[in-house]
Amino acid sequence: MSNVPRMLEGYRVLDFTQFVAGPTCTRLLGEMGAEVIKLELAPAGDRVRADGLKSRLPEFEGSSHSTYYLQHNHSKLSFAIDMKKPGAREIVMSMIPQVDVVVENFAPRVIDRLGFSYKDVKAVNPKIIMCSISMAGQTGPLSVKAGYDFIGQAYAGITDGIGQVDGPPALTSMAIGDVSTGVAAAMAVGFALLHRERTGEGQYLDASLLDTYFHMHEKTVPVVSLRGDKFQPTRSGSIHPDGGTTGIFHFRGNEYVLITSTPHQWPQLVRAMGMPELATDPRFKNARGRRDNKEQLRDVIENWLTKFASRDDALATLDAERVPCAPVLTVNEAVKHPHLNERKTVRWVEDPQLGKVAIPGVPVKFSAWPDKTVVRSARFGEDNERVLRDLLKMPEDQIRKLYAEGILVRDPTLESKPA
């Protein structure tokens with residue numbers, strides 16, 4: 001059994017993606033052992049190469065490599081080509097019979113104009129699995145609309161629920177929808193591969209940020225569907241709309257404590273606070289009262305927190321009664337946290353250009369598939385020769401000709417021609 005491929009070893013993915021959502025999908029497939037060939041378009045490839053931090057070493061001046069690219073595109077090969085050149089499309093199409101999965105996240109119809117629609121690729125590889133990722137999906141009135149993460153969030157009714165009670169909606173500061181859609185798409189590809197193993201059938205997958213965001217609603221959708229406009233979810237700031245025992249509470253200065261205490265845990269919170277009178281206080285004695293008087297309850301909890309010398313002391317008191325709680329950490333604090341480091345949630349890697357740098361680890365731990373401790377992030381077009389040799393058995397003189405004709409392109413810090 002030692003020679004049997006594990007996880008996604010032996011599968012090959014052709015990756016047309018850029019930015020975050022699509023690259024998250026293909027990066028996860030690469031993490032699980034698939035060979036991912038990231039097809040990057042001339043002149044500069046994935047636009048995130050220009051973002052993030054770059055190496056300050058003189059030998060890498062002008063390099064296409066960056067922290068942003070490393071995080072979302074490690075564990076992939078980079079194949080860089082100018083699709084506007086004659087013959088370029090034919091080269092890429094000739095790779096299709098050698099791959100199992102195609103992933104793209106252009107705006108809808110763009111991949112069709114490039115000549116790589118599902119119909120096109122299925123014609124040369126009937127068992128191909130193709131996944132398209134977009135803001136609103138490939139069908140429906142919004143499918144033609146350009147958009148990114150925050151646009152899908154706004155249409156899904158998520159943005160309206162974020163912010164202070166009397167203020168405007170707020171914007172999240174990270175690409176929650178992009179990353180979550182990438183994870184969902186990777187899951188779907190895995191399911192589709194299993195389906196193909198059982199049936200021999202490939203298929204087309206349509207993933208969207210809007211669908212992913214709408215899927216995040218916890219319980220309001222069926223309530224709205226039954227009660228209509230009689231029920232209007234409202235913003236509740238730092239306190240959960242269902243009650244004052246779940247929310248963010250100010251400790252001191254820039255320090256905050258998050259408490260998530262469900263109704264059945266109210267007695268535990270009362271014990272932790274050493275305030276038995278709260279259990280019979282008419283304002284707080286039942287869940288509805290705690291919800292209706294959540295601002296008053298917040299004042300009680302925050303006043304209680306002022307009695308502690310440190311935030312850790314307050315958390316320890318809550319933990320002693322098994323009240324779910326956490327410090328509200330900054331990213332700087334989270335990167336240093338021992339738990340996140342021990343589990344390799346914060347994964348430290350050595351990069352040839354950037355040195356020792358932290359990137360997120362895989363969000364699920366597998367007993368039969370260890371976390372990668374060494375990851376590689378390719379420079380723009382760094383793997384052109386390898387891809388053409390492995391997939392197309394292309395001879396060296398023909399590869400050199402493609403460089404001379406400008407069909408193949410690559411990072412300026414690499415040699416202009418293959419060895």
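The values are calculated or read from the model by the stated rules, or taken from the named source; none is laboratory data. Here the structure is a predicted model, which is why all the values come from computation and not from measurement. Neighbour counts are summed over all protein chains in view; Cβ atoms, including those assigned to glycine, are modelled from backbone coordinates with ideal geometry. The area values use the complete protein model at the heavy-atom level, side chains included, leaving out ligands, DNA and RNA. Shrake-Rupley method; radii C 1.70, N 1.55, O 1.52, S 1.80 Å.
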Label-point separation in nm, Lys344 to Val165, each point 7 Å along Cα→Cβ
4.6 nm
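Which value, in debye to the nearest 20, gives the size of the charge dipole of segment 260-419 about its Cα centre, when Lys and Arg are +1 and Asp and Glu are -1 at the Cβ? Write out the running numbers ahead of the final one.
On the way: 27 positive and 24 negative charges, 82 e Å.
The dipole of segment 260-419 has a size of about 400 debye.
Please work out the average accessible area per residue across the chain, using the 1.4 Å probe convention, and give it in Å². Don't skip to the end; give the middle numbers.
Values: 22070 Å² over 419 residues.
Here the residues of the chain average 53 Å² of exposed surface.
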Among the DSSP beta bridges whose two residues both lie in the chain, what percent are antiparallel, rounded to the nearest 5?
45 percent
Of the candidates Glu35, Glu396, Glu104, which one comes out as most mobile in a Gaussian network treatment of the chain with C-alpha springs shorter than 10 Å?
Glu396
Charges only on Cβ, +1 for Lys and Arg, -1 for Asp and Glu: so what's the dipole of the chain about the Cα centre, in debye to the nearest 20?
440 debye
Suppose each label sits 7 Å from its Cα in the direction of the beta carbon; what would the Leu194-Arg386 distance come out to in nanometres?
3.0 nm
Leaving ligands and nucleic acids out of the surface, order Met83, Met273 by accessible area at 1.4 Å, largest first.
Met83, Met273
Per DSSP H run of n ≥ 4, the term is -39500 (n - 2.57); total these for the chain, divide by its residue number, and report the mean residue ellipticity at 222 nm rounded to 500 deg cm²/dmol.
-9500 deg cm²/dmol
If you average the C-alpha positions of segment 240-271 and of segment 357-419 separately, how far apart do those two centres end up, in angstrom?
49 Å
Applying the gyration tensor rule to the Cα atoms of segment 372-416 (axes a ≥ b ≥ c; rounded if a/c under 1.5, else prolate if a/b exceeds b/c, else oblate), the class is oblate
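One quarter of the convex hull surface, Cα atoms only: what value does that give for segment 113-180 in nm²? Intermediate results must be reported in sequence, preceding the final value.
Details: hull surface 25.4 nm².
The number I arrive at for segment 113-180 is 6.4 nm².
Can you tell me the dipole magnitude for segment 178-267 around its Cα centre, using point charges on the Cβ only (Lys, Arg +1; Asp, Glu -1), in Debye to the nearest 20? Kindly include the intermediate steps, with their values, before the conclusion.
Details: 7 positive and 9 negative charges, 62 e Å.
That gives segment 178-267 a dipole magnitude of about 300 debye.
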Using the charge dipole of the chain (Lys, Arg: +1 at Cβ; Asp, Glu: -1 at Cβ; taken about the Cα centre), state which of Asn332, Val346, Gly140 has its Cα farthest towards the positive end.
Gly140
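Averaging sequence separations of C-alpha pairs under 8 Å and six or more residues apart, then dividing by the length of segment 120-181, give the relative contact order as a whole percent.
Details: 38 pairs, mean separation 14.3, N = 62.
Over segment 120-181, the number comes to 23 percent.
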Which residue, Val364, Val387, Val102, tops the fluctuation ranking in a GNM of the chain built on C-alpha contacts under 10 Å?
Val364
Could you work out the local net charge near Thr181, counting Lys and Arg as +1, Asp and Glu as -1, over the other residues with Cβ closer than 11 Å to its Cβ?
-3
Under a Gaussian network model of the chain whose springs join Cα atoms within less than 10 Å, the largest fluctuation of Ser180, Ser75, Ser310 belongs to Ser310
First compute the accessible area of the chain with a 1.4 Å probe, then give the percent of it belonging to carbon and sulfur atoms.
56 percent
